[in-house]
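Novice: Questions regarding the structure given below will be posed in turn.
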Amino acid sequence: MIIDCGSRYLTPFHPKRIPHYFTDVLVIGAGVAGMRSALAVDPRLAVLIVCKGELQASNSWYAQGGVAAVYDPQDRVEDHVRDTLDAGGGLCDEAVVRMVVEEGPQRIRELIDWGAQFDRKEGRISLGREGGHGRNRILHANGDATGRELVRTLHERIRCRSNIDIWEDTFTIDLLTHDGECRGAILWNHRHGRTLVWAKQTILASGGCGQIYRETTNPEVATGDGMAVACRAGAELRDMEFMQFHPTVLYIAGGARHLITEAMRGEGARLVDRHGHRFMADYDPRGELAPRDVVAAAIVEQMSKTRHPCVYLDLSHLDARHIRRRFPGIAAICEEFRLDITRDRIPVRPGAHYMMGGLTVDTDGRTGVPGLWAAGEVTASGLHGANRLASNSLLEALVFGARAGAAASAEAMHREDRFDVPPVEGPPVPPSHEPLDLVDIRNSLKSLMWRAMGVRRDPETMREALEDISRWCGYVLPRQFNHPQGWELQNMLIVSRVMLLAAIAREESRGCHFRTDYPEPREDWRRHLTFRCRTGGKPCSTETAVAEV
């Protein structure tokens with residue numbers, strides 16, 4: 001399926017007027033996938049990691065639940081594979097699932113050797129259980145701060161590597177391509193403006209796009225930039241209709257939408273409605289431990305039945321001392337709003353959490369664009385299918401990060417150093433004199449996506465949303481901005497539009513994609529939807545886009 005993305009480059013540039021920087025491997029993103037890929041590069045090669053914000057701003061940093069791995073001698077690879085396939089709604093690639101599960105324990109042991117401190121009980125690593133898992137196989141760190149511990153461990157390792165540099169607060173405007181090959185990226189930061197970074201190989205590990213939704217657990221940086229820049233460069237996007245909604249996001253007026261980890265339900269927390277009714281058994285025999293798509297849909301239905309904006313997590317029947325020790329971060333957040341998690345019910349509702357769709361990659365993270373690799377949430381690797389199994393994302397980031405880094409390193413080692421520049425430039429367009437209220441458009445987009453592309457989707461609302469977004473694309477995408485606020489909005493519009501086109505085209509319900517007019521899965525739709533970008537012209541109309549789908 002072909003869509004228009006407007007101009008090839010978001011900003012005008014000419015090699016004679018912009019500073020240049022040369023490296024062997026460029027890594028875009030400093031979460032677990034990005035840092036693990038950098039560590040897999042041969043120490044003889046120069047590596048540059050760039051991240052949009054600070055190191056502590058990635059989705060990885062905020063990951064609470066843990067990392068899933070077959071670490072218990074009583075657990076089996078086959079069991080983890082089966083649980084992943086069951087959750088994935090028939091769209092997982094079983095070979096990829098098996099590869100990730102089999103390599104997972106090695107990546108965990110590697111982290112421990114590098115100094116990662118996972119939670120222990122009586123001297124042994126403590127393993128928890130989350131929704132969809134048939135066995136206890138979730139490793140946690142500091143109770144509910146697993147992502148932080150993984151980022152800390154990888155960063156400490158990187159600091160020991162003299163060949164790796166990190167540029168924080170650096171925005172990737174676009175990937176540089178010449179003769180169909182990725183040659184690096186055009187970057188921007190406050191210190192030196194735009195810079196052309198030339199690399200023998202580029203690894204994209206920029207994370208997801210949860211910020212296109214009003215209700216989300218994702219940090220401010222998760223605006224889908226990696227998916228958009230890769231699409232403009234010619235890479236293929238896949239499974240873009242599948243956004244996973246975390247069932248339990250803290251719902252307090254005026255407060256940030258903090259994730260309330262699934263591990264709470266693994267410890268025995270109960271979901272109750274406004275009347276105190278424990279309702280999950282009404283929807284699934286697995287109760288609170290059903291997969292996320294099932295729990296999120298059940299919560300939305302129960303909210304509708306009770307005409308209440310949220311449901312509640314109840315931990316009052318559990319040991320208070322253990323709960324405070326197990327979830328110190330969540331306890332501290334709730335205390336700021338005068339909630340005691342051991343006594344008070346915690347108000348929760350679903351929020352956009354994890355994107356299953358993204359760049360199509362092979363088992364080494366290779367995209368369809370030569371010289372471009374990808375790992376982590378920015379990809380559709382085949383591991384998650386239509387619905388991610390809890391805590392498989394950090395596992396994917398570790399395994400695919402290591403694979404993409406090693407493969408890109410091998411390619412870069414074969415290339416000679418060259419410090420010349422191909423004839424690449426971004427042509428300017430006539431300036432627009434009418435100012436745009438970018439904040440207003442962004443907020444409108446986020447609200448629209450929450451209404452049209454939330455847990456429950458209906459065709460009329462989605463088509464109306466597509467018309468609105470296509471209209472916004474018509475006058476926002478042709479503009480050339482000189483700051484990240486504008487570039488982010490352009491990327492968000494492109495990604496949102498592709499997601500809507502995919503959701504409208506998939507006439508069934510599968511995994512985390514639920515349509516009210518097609519409430520059941522259909523065997524003829526047990527397939528993937530893919531998109532490529534056609535750049536250089538005006539964004540196509542809604543009618544053209546739907547016809548092409």
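The values are calculated or read from the model by the stated rules, or taken from the named source; none is laboratory data. Computed from a predicted structure; not experimentally measured. Positions of Cβ are generated from backbone atoms using ideal geometry, with glycine treated the same way; all protein chains shown enter the neighbour counts. The protein model used for the area step is the full one, side chains on, heavy atoms only, and it has no ligands, DNA or RNA in it. Shrake-Rupley method; radii C 1.70, N 1.55, O 1.52, S 1.80 Å.
Novice: What angle, in degrees between 0 and 90 and rounded to the nearest 10, separates the Cα long axis of helix 146-159 from the longest principal axis of the Cα atoms of the chain?
Specialist: 40 degrees
Novice: Given points 7 Å out from each Cα along the Cα-Cβ axis, report the E110 to R471 separation in nanometres with one decimal.
Specialist: Going from the E110 label point to the R471 one covers 5.0 nm.
Novice: Estimate the FRET efficiency between E425 and D169 by the formula 1/(1 + (r/R0)^6), using the beta-carbon distance for r and 25 Å for R0, to the nearest 0.05.
Specialist: 0.45
Novice: Could you give me the ³J(HN,Hα) list for the range 382-392, computed from phi with Karplus coefficients 6.51, -1.76, 1.60 and θ = phi - 60°, whole Hz, x at Gly and Pro?
Specialist: Each residue's phi maps through the Karplus curve to give x, 6, 8, x, 8, 6, 6, 6, 3, 6, 7 Hz.
Novice: Still on this structure, please answer the following. Compute the acute angle (0 to 90°) between the alpha-carbon long axis of helix 459-476 and the principal axis of greatest extent of the alpha-carbon atoms of the chain; round to the nearest 10°.
Specialist: 30 degrees
Novice: Now, a different point. Using the Karplus equation 6.51 cos²θ - 1.76 cosθ + 1.60 (θ = phi - 60°), what ³J(HN,Hα) coupling, rounded to whole Hz, does each residue of the range 211-227 give in order, writing x for Gly and Pro?
Specialist: 6, 6, 10, 5, 9, 7, 8, 6, x, 4, 6, 7, 10, x, 4, x, 5
Novice: Just want to confirm a number: the relative contact order over the range 440-528, from Cα pairs under 8 angstrom separated by 6+ residues, in percent.
Specialist: 32 percent
Novice: Also, I was wondering about something else. Could you go through the range 311-326 in sequence order and give the Karplus-derived ³J(HN,Hα) for each residue, using 6.51 cos²θ - 1.76 cosθ + 1.60 with θ = phi - 60°, rounded to whole Hz, and x for Gly and Pro?
Specialist: Whole-Hz 3J(HN,Hα) from phi for the range 311-326: 10, 9, 9, 10, 10, 5, 8, 9, 5, 5, 4, 5, 5, 5, 6, 6.
Novice: Another question, then. Could you compute the net charge surrounding H246? Neighbours are other residues with a C-beta less than 11 Å from the C-beta of H246; K and R count +1, D and E count -1.
Specialist: Here the count lands on +1.
Novice: Which value in nm describes the separation of the simple spin-label points at R526 and D42, placed 7 Å from the Cα toward the beta carbon?
Specialist: If labels sit at R526 and D42, their model points lie 4.4 nm apart.
Novice: Using alpha-carbon pairs under 8 Å, 6+ residues apart, how would you state the relative contact order of the chain in percent?
Specialist: 26 percent
Novice: Sticking with this one: Just the number please: accessible area per residue for the chain, 1.4 Å probe, all protein chains included, in Å².
Specialist: 39 Å²
Novice: Same structure, new question: For H277, put the label point 7 Å out on the Cα→Cβ axis and report which residues of the range 308-338 keep their amide N under 20 Å from it.
Specialist: Counting only backbone N, you get 308-315.
Novice: Mind checking the full-extension length gain between R324 and R534? Use 0.36 nm per residue of separation minus the Cα-Cα distance, one decimal, nm.
Specialist: Full extension of this stretch gives 70.4 nm more.
Novice: Given H placed on each backbone N at 1.01 Å, which residues far from F13 in sequence or on other chains put an amide H within less than 5 Å of it?
Specialist: G426
Novice: Of the beta bridges DSSP finds with both residues in the chain, what % are antiparallel, to the nearest 5? Show your work: numbers first, answer last.
Specialist: Details: 40 of 67 bridges.
Of those bridges, close to 60 percent are antiparallel.
Novice: Next question. Given a 1.4 angstrom probe, I'd like the percentage of the accessible area of the range 457-501 that is carbon and sulfur, rounded to a whole number.
Specialist: Numbers: 650 of 1470 Å².
Answer for the range 457-501: carbon and sulfur cover 44 percent of the accessible area.
Novice: Using the alpha-carbon centroid of each, what span in Å lies between the range 151-219 and the range 5-24?
Specialist: A separation of 15 Å, based on Cα centres.
Novice: Okay, next question. First compute the accessible area of the range 1-142 with a 1.4 Å probe, then give the percent of it belonging to carbon and sulfur atoms.
Specialist: 44 percent
Novice: Same structure, new question: At 7 Å along the Cα-to-beta-carbon direction for both H192 and D362, put a label point, then send me their distance in nm to one decimal.
Specialist: Computed distance between label sites H192 and D362 equals 3.5 nm.
Novice: Using the Kirkwood formula on the Cα atoms of the range 284-376, what hydrodynamic radius do you get, in angstrom to one decimal? Please list the in-between numbers first.
Specialist: Details: mean 1/r = 0.0599 Å⁻¹.
Here the Kirkwood hydrodynamic radius works out to 16.7 Å.
Novice: When the helices in the chain are scored as -39500 (n - 2.57) per DSSP H run of 4 or longer and the sum is shared across all residues, what 222 nm value do you end up with, to the nearest 500 deg cm²/dmol? Kindly include the intermediate steps, with their values, before the conclusion.
Specialist: Working: 15 runs with 183 residues, N = 549.
Taken over the chain, the calculation gives -10500 deg cm²/dmol.
Novice: Separate question: Please compute the net charge surrounding W114, taking Lys and Arg as +1 and Asp and Glu as -1 over other residues with Cβ under 14 Å from its Cβ.
Specialist: Working: positive: R36, R107, R109, R152, R157, R159, R161; negative: E110, D113, E149, E156.
Once all neighbours under 14 Å are counted, the net charge is +3.
Novice: In addition: With viscosity set to 0.890 mPa s and temperature to 25 °C, compute the Stokes-Einstein D of the chain, Rh being the Kirkwood radius across alpha carbon pairs; µm²/s, no decimals. Show your work: numbers first, answer last.
Specialist: Values: Rh = 23.5 Å.
Translational diffusion coefficient: 104 µm²/s.
Novice: So, counting K/R as plus one and D/E as minus one, what does the shell of residues with Cβ under 11 Å around H14 add up to?
Specialist: Computed value for this residue: +2.
Novice: In the range 185-321, carbon and sulfur make up what percent of the accessible area (probe 1.4 Å)?
Specialist: C and S atoms contribute 47 percent here.
Novice: Extent of the range 383-456 along each principal axis, from alpha carbon coordinates, in Å, largest to smallest?
Specialist: Ordered largest first, the range 383-456 gives principal extents of 48, 46, 16 Å.
Novice: If you don't mind, there's one more thing I want to ask. Please give every one of the lysines within straight-line cross-link reach of K52, meaning a C-alpha to C-alpha distance under 24 Å, and leave out same-chain neighbours fewer than 8 residues apart.
Specialist: Within reach: K200, K446.
Novice: Output the 0 to 90 degree angle, nearest 10, between the alpha-carbon long axis of helix 484-505 and the longest principal axis computed from the alpha carbons of the chain.
Specialist: For helix 484-505, the angle is close to 60 degrees.
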